[in-house]
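Colleague: Right, I'll just put the structure down here and ask away after.
The values are calculated or read from the model by the stated rules, or taken from the named source; none is laboratory data. Predicted model only: the values in this text are computed from it and were never measured. Don't worry about glycine lacking a Cβ; one is built from the backbone with ideal geometry, like all the others, and counts go over all protein chains shown. Areas reflect the complete protein model, heavy atoms only, side chains present, ligands, DNA and RNA absent. Shrake-Rupley method; radii C 1.70, N 1.55, O 1.52, S 1.80 Å.
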Amino acid sequence: MKVAVVGVGNNVSALVQGIAMHRATGSLVGIRHPVLDGLGAGDIDFTAAFATSPEKIGRDLSEAVLLPPNNFPRLTSELPLSGVTVCRGLTGPGDASEVERVAGELSGAEVVLYAAPSGRPETARAYAEAALRAGAAFINTTSDAVARDPRLLDRYAAAGLPLLGDDLASQFGTSVVHHALLRLLAERGLTLSSSYQVNLGGTEDFRNLVENSNTKHQSKLNALAAHGSAADRVQVAPLGYLPHLKSQKVAHINIEAQAWGGTPVSVDVKLKVHDPSGAAGVNVDLIRMAANALRQRRGGYLAEAAQLLKSPPGTAV
Ligand SMILES: NC(=O)c1ccc[n+]([C@@H]2O[C@H](COP(=O)([O-])OP(=O)(O)OC[C@H]3O[C@@H](n4cnc5c(N)ncnc54)[C@H](O)[C@@H]3O)[C@@H](O)[C@H]2O)c1
């Protein structure tokens, strides 16, 4: 699969390094589907990359992913050069000639993985426009509304191009663990009284999400509401940025409930994960779903991606 990446941050670092490691060692640790839709995790070839920081533009993708402020750990001492030179990306909505330039640089890519910061919907839509012109599938990993924009989704469907989004549900992150616990509580017949989650992290993603009030909070609520959780009793605390945590995320989930005869039950869970790994474990599947659908000319949203996303089409913006 020929894949272009937008944003050369921690998530792309985890993806590029993990695929290189899988190819070199055959390790399947953290790979949910060794083969998905007939495509292997190692069948991903990066063909273009876009960044905005001058340090990364002009560098080989394999070198650029290791540059600060990225702080995802180095997974392997051997990271072969990719042969992909990082290009200058679009900023803001981009004028027509810039979108056309990026569409030209995307030429030949089957899938565009959009992994720039969340909270910049105009930029996200400008890249989606460029991908549409280039005839590529688009995956929006940010919490900005792209797949939830019905007009854009219709245009992708009409062109036979997949559009997957919005916002990843990390492979084993706070949303899926919190949601699983709430579902278990309901399945076992307990009554939810109240619940909250707190997320702390030290990545640029966290810094951005703390500093710019944006679309992430609603997206996290969408992930919990998707399966019928009592949204009015579940709260998501504002994110906390603690630089010394680097790419580790620490989450605290609390659930207060009532059991037989109104007796209390309390659950507290502490989750510690590398946030970019949670994204890579999902991106490797979304890319293969998108590439497979593209080859079959199945355009628009793909229902099979729903469990990998926090805010699919139809959820709140
Ligand atoms: N588990 C997770 O990490 C997770 C889960 C769900 C969603 N996401 C989302 O995935 C996205 C990527 O996360 P990350 O941790 O890699 O973030 P990051 O901040 O490390 O990387 C984003 C990169 O995009 C670059 N960039 C900024 N503007 C750009 C533009 N206009 N064009 C091209 N590049 C641009 C930044 O310089 C940075 O290098 C974020 O939007 C995040 O909210 C992450």
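Colleague: Using a 10 angstrom cutoff on alpha carbons, build the Gaussian network for the chain and name the most mobile of T263, T203, T174.
Modeller: Most flexible of the set in this elastic network: T263.
Colleague: At 1.4 Å probe radius, can you tell me the per residue accessible area of the chain in Å²?
Modeller: On a per-residue basis, 44 Å².
Colleague: Please give, to one decimal in nm, the separation of the simple spin-label points placed at D268 and R207, each 7 Å out from Cα toward the Cβ.
Modeller: About 3.1 nm, to one decimal.
Colleague: Right, something else. What part of the accessible area of the stretch 93-145, given as a whole %, is carbon or sulfur when the probe is 1.4 angstrom?
Modeller: 49
Colleague: Please report the relative contact order for the stretch 111-181, taking Cα pairs under 8 Å with a sequence separation of at least 6, and give it as a percent rounded to a whole number.
Modeller: 30
Colleague: How much net charge surrounds L294 when only other residues with a Cβ under 13 Å from its Cβ are counted (Lys, Arg +1; Asp, Glu -1)?
Modeller: Within the 13 Å Cβ shell, the charges total +3.
Colleague: Once the stretch 1-152 is represented by equal point scatterers at the alpha-carbon sites, with solvent omitted, what log10 I(q)/I(0) does the Debye formula produce at q = 0.12, 0.17 Å⁻¹?
Modeller: Normalising to I(0) and taking log10 leaves -0.49, -0.99.
Colleague: Hey, another quick one. Given Cβ point charges of +1 (Lys, Arg) and -1 (Asp, Glu) and nothing else, what value in debye, to the nearest 20, does the dipole of the stretch 1-118 about its Cα centre take?
Modeller: Dipole magnitude for the stretch 1-118 comes out near 300 debye.
Colleague: Suppose only helical runs count, i.e. DSSP H with n ≥ 4. What mean residue ellipticity at 222 nm does that imply for the chain under -39500 (n - 2.57) per run, divided by all residues and rounded to the nearest 500 deg cm²/dmol?
Modeller: So the helix-based figure for the chain works out to -10500 deg cm²/dmol.
Colleague: Using a 7 Å offset from the Cα along the Cα-to-Cβ direction at both T91 and W260, what is the distance between the two label points in nm, to one decimal?
Modeller: 6.4
Colleague: Which three numbers, in whole Å and largest first, are the semi-axes of the equivalent ellipsoid of the stretch 4-93 derived from its Cα gyration tensor as √(5λ)?
Modeller: Working from the Cα gyration tensor, I get semi-axes of 24, 15, 11 Å.
Colleague: Looking at Q171, G160, N208, which one has the Cα that reaches farthest to the positive end of the dipole of the stretch 158-236 (charges on Cβ: Lys, Arg +1; Asp, Glu -1)?
Modeller: Q171
Colleague: Show me the trypsin sites (Lys or Arg not before Pro) within the stretch 231-308 that DSSP assigns to loop and that have at most 13 other Cβ atoms within 10 Å of their Cβ.
Modeller: Those satisfying the criteria are R297.
Colleague: What are the principal axis extents of the Cα atoms in the chain, in Å, biggest first?
Modeller: Projected onto its principal axes, the Cα set of the chain covers 65, 45, 39 Å.
Colleague: About the Cα centre, and with charges only on the beta carbon of Lys, Arg (+1) and Asp, Glu (-1), how big is the dipole of the chain? Nearest 20 debye, please.
Modeller: It comes to approximately 380 debye.
Colleague: When Lys and Arg each count +1 and Asp and Glu each count -1, what net charge do the other residues less than 15 Å away from V3, Cβ to Cβ, add up to?
Modeller: -2
Colleague: Considering only C-alpha atoms, what is the centroid distance from the stretch 156-215 to the stretch 246-315, in Å?
Modeller: That distance is 6 Å.
Colleague: Still on this structure, please answer the following. For the stretch 264-308, which whole percent of the accessible surface, found with a 1.4 angstrom probe, sits on carbon and sulfur atoms?
Modeller: 54
Colleague: List, in order, the whole-Hz ³J(HN,Hα) value for each residue of the stretch 283-299 obtained from phi through the Karplus relation with A = 6.51, B = -1.76, C = 1.60 and θ = phi - 60°; use x for Gly and Pro.
Modeller: So the Karplus estimates, Gly and Pro as x, are 4, 5, 7, 4, 4, 5, 4, 5, 5, 5, 5, 4, 5, 8, 6, 8, x Hz.
Colleague: Compute the Kirkwood hydrodynamic radius of the stretch 190-317, taking the inverse of the mean of 1/r over all pairs of distinct Cα atoms, and give it in Å to one decimal.
Modeller: 16.8
Colleague: Note the full-extension length gain between Y196 and R233 as 0.36 nm times their separation in residues minus their Cα-Cα distance, in nm to one decimal.
Modeller: Between Y196 and R233, full extension yields 12.5 nm more.
Colleague: Here is a follow-up. Among L90, M21, G7, whose Cα projects farthest towards the positive end of the dipole of the stretch 1-146, with charges put on the beta-carbon of Lys, Arg (+1) and Asp, Glu (-1)?
Modeller: M21
Colleague: Count the net charge of all other residues whose Cβ sits under 15 Å from the Cβ of A41, scoring Lys and Arg as +1 and Asp and Glu as -1.
Modeller: With Lys, Arg at +1 and Asp, Glu at -1, the net is -1.
Colleague: Now, a different point. Compute the normalised compactness of the stretch 138-255: alpha-carbon radius of gyration over 2.2 N^0.38 Å, N being the residue count.
Modeller: Ratio of Rg to 2.2 N^0.38 Å for the stretch 138-255: 1.19.
Colleague: Below 8 Å between Cα atoms, with a sequence gap of 6+, how large is the relative contact order for the stretch 208-317 in percent?
Modeller: 29
Colleague: State the answer as a single residue: which of P264, Q307, A131 lies farthest towards the positive end of the charge dipole of the chain, with beta carbon charges of +1 for Lys and Arg and -1 for Asp and Glu, about the Cα centre.
Modeller: Final value for the positive-end residue is P264.
Colleague: Build a GNM of the chain with springs between Cα atoms under 10 Å: which of L36, L132, L209 gets the top mean-square fluctuation?
Modeller: Taking springs between Cα atoms under 10 Å, the residue moving most is L36.
Colleague: Given 25 °C and 0.890 mPa s, compute D for the stretch 42-121 with the Stokes-Einstein relation, Rh being the Kirkwood radius over Cα pairs; round to the nearest whole µm²/s.
Modeller: 175
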